[in-house]
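Undergrad: Take this structure first; my questions come after.
The values are calculated or read from the model by the stated rules, or taken from the named source; none is laboratory data. The shown structure was predicted, so the numbers you read here are calculated from the model rather than taken from an experiment. Please note: Cβ atoms are built from the backbone with ideal geometry, for glycine as well, and neighbour counts cover all protein chains shown. Accessible surface is based on the protein model in full, side chains and every heavy atom, while ligands, DNA and RNA are left aside. Shrake-Rupley method; radii C 1.70, N 1.55, O 1.52, S 1.80 Å.
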Amino acid sequence: MTRRSLRLRLALAGAASIIAALVAAFFVLSTLFERHVERRIASELVLHLNQIIAGLAEQPGTALDLVKPPVDPRFERPLSGLYWQIEGEGKRLRSRSLWDDILTLPDIPAGGVHTATIPGPGAVPLLLVEREVVTPERAGARPLRVAVAIDRTDISRATDEFEGDLLPYLQALAALLLAASFVQIFVGLRPLATLTERLSAIRAGKAERLGNDFPDEVLPLTGEVDALLQSRENQLRKARERAADLAHGFKTPLQILSGDVLRLRERGEESVAQDIEAIILRMRRHVDHEMARARQAERGHAGRSDLGRVASQVVSVVSRTPAGRDLDWQQEIEPGLILRIDPEDLAEILGSLAENAARYARTTVGIFARMEGHSAIIEVTDDGPGIPEGEIDFVLKRGSRLDTTSEGAGLGLAIVESFVEEANGSFALENRQPGLCARITLPRIVA
């Protein structure tokens, strides 16, 4: 995949989104867990707070004391991390665990239980739960602040352990989501691959339209492409029809001119007759060319031809002509060569080349074919004089002709080249010692 790949862009965007979402989930879950643990511990501190309030009693001399201390042994162990403290009227009671320290209680509104975070012994942060109470009337209705605090390190430790347990699961989830994202991208982009395959099939002549079996999001595109193909076909058909009409329109004037040539010769004006006849021959070649292309356009690109069978039919016809009757016809075609071309078009190509070869051959004409990848290489050879090297490009130009003394046969080399190009093939000429080789490359149908 390259930088311009849509699949790569979607994969990167999906991976970035998944990673960002999981990172956010990691911090959110950690925060929620920490708050949950904090609430649970705060609930336990409220229980301790209520035990302490219940254990307050008035001692002789109107002094208050905690006659029933909480049962948790950490209150008795110095700097254990769990502390209680009672303040009121300038007096203070505290747990043994505070040792020489005191809790600095924040200002709180009256009523209810309040939670806060304060610094404790050694500047360690503590989670504080406190409440303001008033002693009974018999005890002087004195206001007291009762507080219980615990080291927040336990909360942080529990949160760290939770994060350590959570991380592997999030990594596994990330891998699963990335895999699912890649599958989603593959499935989502599959219609584009199908679209490419259909376009290739249209280009190769295997199909005419993309069809409407695509997702709703792709249907507008395929509909426009099919409409464009239909429009182009209509334009091409009309152009071919006009060309065919024009070619047919020239037939009658050419016949009239041919009659004029005969009359000129009868009068002895041979030079003028030859000039007009040369023009007539050139125009007939153009007319035949356009009519052949019109026929080819009507048949379209879809076709299937057995090369061996078509070649045998061509040889059986050309070998009976005056030019081919006395020649040795050789045919070596690899079996199973099925070409993607209409049989009539293939017969036109081979017939034209075989007639040209028969016209100039001394003793032998050959048709040879072999497979090469997804193509077939066809060679039509003769042992004639060949073509001067400097004239090969000239004879392949439309309307160009070296031999102007004969009417020729078939469609000519330029028309052969047109048929080959229409079939997505290639055509070339090369001299051999002796003779000429016309080489054609055409796509074959692979079973």
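Undergrad: Run lengths n ≥ 4 of DSSP H only: what is the helix-derived mean residue ellipticity at 222 nm for the chain, with -39500 (n - 2.57) per run over all residues, to the nearest 500?
TA: -18000 deg cm²/dmol
Undergrad: Further question: With only Lys, Arg, Asp and Glu charged, each at its Cβ (+1 for the first two, -1 for the last two), find how big the charge dipole of the chain is about the Cα centre; round to the nearest 20 debye.
TA: So the dipole magnitude of the chain works out to roughly 540 debye.
Undergrad: Additional query: I'd like the trypsin sites (Lys or Arg not before Pro) in segment 1-109 restricted to DSSP loop residues with at most 12 other Cβ atoms within 10 Å, sorted by number.
TA: Arg3, Arg4
Undergrad: Given Ala347, Gln171, Pro253, which one lies farthest toward the positive end of the charge dipole of the chain, if we put +1 on the Cβ of every Lys and Arg and -1 on the Cβ of every Asp and Glu?
TA: Positive-most Cα among the choices belongs to Gln171.
Undergrad: Taking only Cα atoms and a 10 Å spring cutoff, compute GNM fluctuations for the chain and point out the largest among Pro335, Pro70, Pro385.
TA: Pro70
Undergrad: When all alpha-carbon pairs of segment 172-248 are counted, what percent fall beyond 17 Å?
TA: So the pairs more than 17 Å apart make up 61 percent of the total in segment 172-248.
Undergrad: Going toward the positive end of the dipole of segment 181-220, with +1 on Lys and Arg Cβ and -1 on Asp and Glu Cβ, which of Val183, Val218, Ala207 do you reach last?
TA: So the residue we want is Ala207.
Undergrad: Using alpha-carbon positions, what is the distance between the centroids of segment 324-354 and segment 193-240, in Å?
TA: Cα centroid of segment 324-354 versus Cα centroid of segment 193-240: 33 Å apart.
Undergrad: Counting only protein heavy atoms and a 1.4 Å probe, tell me what percentage of the chain's accessible area is made up of carbon and sulfur.
TA: Whole-percent figure for carbon plus sulfur exposure: 55.
Undergrad: Okay, next question. Leaving out same-chain residues fewer than 8 places away, which aspartates and glutamates sit with a Cα under 12 Å from that of Lys91?
TA: Asp65
Undergrad: Leaving ligands and nucleic acids out of the surface, order Tyr169, Tyr360, Tyr83 by accessible area at 1.4 Å, largest first.
TA: Ranking Tyr169, Tyr360, Tyr83 by accessible area, largest first, yields Tyr169, Tyr360, Tyr83.
Undergrad: Considering only DSSP beta bridges whose two residues both sit in the chain, what percent are antiparallel, to the nearest 5?
TA: Around 90 percent of the beta bridges assigned by DSSP in the chain are antiparallel ones.
Undergrad: Note the direction-averaged projected area, equal to a quarter of the hull surface, for the Cα convex hull of the chain, in nm².
TA: Working: hull surface 164.1 nm².
Reported value for the Cα convex hull: 41.0 nm².
Undergrad: Can you give the relative contact order of the chain as a percent, counting alpha carbon pairs under 8 Å and 6+ residues apart?
TA: Reported as a whole number, the value is 9 percent.
Undergrad: Using Cα pairs closer than 8 Å and at least 6 residues apart in sequence, work out the relative contact order for segment 105-244, in percent.
TA: 11 percent.
Undergrad: Test of understanding: what is the full-extension gain from Asn431 to Glu266, defined as 0.36 nm times their sequence separation minus their Cα-Cα distance? Don't skip to the answer; put the middle values down first.
TA: On the way: separation 165, 0.36 × 165 = 59.40 nm, distance 4.23 nm.
Extending this stretch completely gives an extra 55.2 nm.
Undergrad: With every protein chain present, what is the per residue accessible area of the chain (1.4 Å probe, Å²)? Let's see the in-between values first.
TA: Working: 26080 Å² over 447 residues.
Here the per-residue accessible area is 58 Å².
Undergrad: Quick one: if you stick a label point 7 Å off each Cα along the C-beta vector at Arg145 and Arg190, how many nm between them?
TA: Those two pseudo-labels are separated by 7.0 nm.
Undergrad: Under unit Cβ charges (Lys, Arg +1; Asp, Glu -1), what dipole magnitude, rounded to 20 debye, does segment 72-202 have relative to its Cα centre? Intermediate values should be presented prior to the final figure.
TA: Values: 14 positive and 17 negative charges, 36 e Å.
Using only the charged Cβ atoms, the result is roughly 180 debye.
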